[in-house]
Amino acid sequence: PGVIYTGLVIDARGLGMKPAMAPKVLSEGGQEVYGFSVVDRNWVIQQGMAGYSKDLPAAQAHERVADRPLTIKAMAATGANKTDVVIANQDAQLLLGAGTSLAFLERARVMLVVD
């Protein structure tokens with residue numbers, strides 16, 4: 001039911017988020033929605049945990065997230081070096097509840113838009 005998404009674009013502009021090798025996406029309560037535990041290691045070796053862009057349309061059009069990415073606005077950057085991102089619980093539930101249609105997370109089909 002609903003759209004089958006092919007990737008995830010997180011708009012983290014204005015939050016001071018810094019690019020990192022292994023960024024995490026957390027819910028407001030701190031539950032890990034996306035991180036090393038979710039991803040197939042073979043994909044990480046090939047392309048890293050996430051791509052970064054400074055331009056939202058460019059991120060949404062990036063081959064990494066294919067043709068139907070889900071776009072979410074981040075709420076905050078967190079972690080010691082502001083390399084992790086917090087999303088609303090509603091968005092986290094959407095991601096956690098989508099089950100098999102979320103194979104894109106295992107394949108690290110994630111783009112982060114930063115300043």
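Just so it is clear, none of the values below were taken in a lab; they were calculated from the coordinates. Just so it is clear, the model here is predicted, and its values are computed rather than measured. All Cβ positions, even for glycine, are placed from backbone atoms using ideal geometry, and neighbour counts span all protein chains on display.
Just flag the trypsin sites (Lys or Arg not before Pro) in the range 44-115 sitting in loop per DSSP whose Cβ has no more than 13 other Cβ atoms within 10 Å. Intermediate values should be presented prior to the final figure.
Working: sites: 54, 64, 73, 82, 107, 109; in loops: 54, 82, 107, 109.
Qualifying residues, ordered by number: 54.
Report D for the chain in µm² per second (integer): Stokes-Einstein, Kirkwood Rh on Cα pairs, 10 °C, 1.306 mPa s. Walk me through the numbers before you get to the answer.
Numbers: Rh = 13.7 Å.
In µm²/s, the coefficient is 116.
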